[in-house]
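Here the structure comes first, spelled out in structure tokens, and everything after it is commentary.
The values are calculated or read from the model by the stated rules, or taken from the named source; none is laboratory data. Everything numeric in this text was worked out from a predicted model, so none of it was measured. Don't worry about glycine lacking a Cβ; one is built from the backbone with ideal geometry, like all the others, and counts go over all protein chains shown.
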Amino acid sequence: MTATARPAGPPHPAAEGDPLAGGADVWLLAEEDVPRFAAATGGLGLLTEEERARHDRLLFPAARARFLGARLLSRQVLSQYADVPPAQWRFEKGKFGRPTVQGADWGLDFNLTHTNGLIAAIVVRGRTAGVDAETTPARPEALRFAPKVFTPLEQEILRRDREDQQGHAFADSWVAKEAYTKATGMGMARGFDAFSVHRLRGGGLAVVDDEIPEPERPLWQIQVLQVWDRFALGIAIRASEDDTGPIPVRLRSAMAELLPRPAGDGAR
Ligand SMILES: CC(C)(COP(=O)(O)OP(=O)(O)OC[C@H]1O[C@@H](n2cnc3c(N)ncnc32)[C@H](O)[C@@H]1OP(=O)(O)O)[C@@H](O)C(=O)NCCC(=O)NCCS
């Protein structure tokens, strides 16, 4: 099975002055802000019937909030980059469950993650992206899973890290690897011990995966950002063949930038 990402999207109507031409946006929404975000942006009314049914089947209020927050965040975010109202987006799922925008020719790709306390959505155009967030440092129990998810060399690197840094190192490696598999669309269906993410001398990260065809290897960009001192945020971007350098990633706040402005507030 190959880990090849889908090809970059077709030319799209937003090429002129496109805010995504020069980079990727990652939008953050704190779980505790979901009720306010939902009240201000249309709440359950923006979801499809099928999404509302999934929401209603969730037993725990936190799971419902994350589900609703993720649906609303992706819809609001996508509408920043295309002339489509938030309620009108429709999604389809790939073989391993990766959602993508259905039908529309906007060239947009997005990916979502939700963890206890944070929902994040990455969006790119003409490129492919994956995102994953986990609380950092990882709990000591989590480190026991290292043999299942890291290559022997990655495990050794982890073991040789300073003991008080191992929880952060584990979380960083985990989110980097998961973001990569989410960009490819395979998620955990790809064995995490079958490829590795390594730190480069300059501080950056690189994915080492024999299943990426040779010419595509330079197109992959992996990053881990620290968010709110509590979360490791893994970002994987497969650049387009036209990109000539690293893709800048902008972190953006859903609450600060996506809520409708009060009437009379002309400021942007
Ligand atoms: C993708 C996956 C790694 C996410 O795991 P997680 O850490 O629990 O969850 P995260 O919060 O980081 O991400 C969840 C989101 O990723 C997206 N997602 C789901 N499957 C995905 C995939 N294969 N690739 C990329 N993204 C995926 C969805 O938007 C999902 O959120 P939603 O269900 O609210 O829409 C995991 O669900 C997985 O491995 N799925 C594939 C497993 C499989 O083989 N499925 C086959 C039958 S569908």
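Of all positions in the stretch 88-95, at least one carries a residue that is assigned to a helix (DSSP H, G or I) and either surrounded by fewer than 16 Cβ atoms within 10 Å (Cβ to Cβ) or not aliphatic (A, V, I, L, M) (or both). Kindly indicate whether any position in the stretch 131-143 is away from the ligand (no atom under 15 Å from the Cβ), at pLDDT below 95 and buried (at least 16 other Cβ atoms within 10 Å of the Cβ). Taking every residue of the stretch 131-143 in turn, at least one turns out to be away from the ligand (no atom under 15 Å from the Cβ), at pLDDT below 95 and buried (at least 16 other Cβ atoms within 10 Å of the Cβ). Considering the stretch 211-222, and only residues there that are under 17 Å from Asp243 (Cα atoms) and of a type outside the set (D, E, K, R), the residue that is nearest to the chain's Cα centre (by Cα) turns out to be Ile222. How many of the residues in the stretch 179-193 are under 21 Å from Arg159 (Cβ atoms) and either within 8 Å of the ligand (Cβ to nearest atom) or charged (D, E, K, R) (or both)? The number of residues fulfilling the criteria is 1. Considering the stretch 101-123, and only residues there that are more than 9 Å from the ligand (Cβ to nearest atom) and free of Cβ contacts under 8 Å to residues at least 40 places away in the same chain, the residue that is nearest to Val26 (Cα to Cα) turns out to be Val101.
Taking (1) touching a helix residue (DSSP H, G or I) at 6+ places or on another chain (Cβ under 9 Å); (2) over 22 Å from Thr100 (Cα atoms); (3) of a type in the set (A, V, I, L, M); (4) within 16 Å of the ligand (Cβ to nearest atom) in turn, Leu205 satisfies each apart from (4). Taking the stretch 69-100 as the range and being within 22 Å of Ala30 (Cα to Cα) and of a type in the set (A, V, I, L, M) as the test, the residues that pass are Ala70, Leu72, Leu73, Val77, Leu78, Ala87. Taking the criterion of being within 18 Å of Asp109 (Cβ to Cβ) and either of a type in the set (Gly, Ala, Ser) or assigned to a helix (DSSP H, G or I) (or both), the residues of the stretch 30-87 that qualify are Ala70, Arg71, Leu73, Ser74, Arg75, Gln76, Val77, Leu78, Ser79, Ala82, Pro86.
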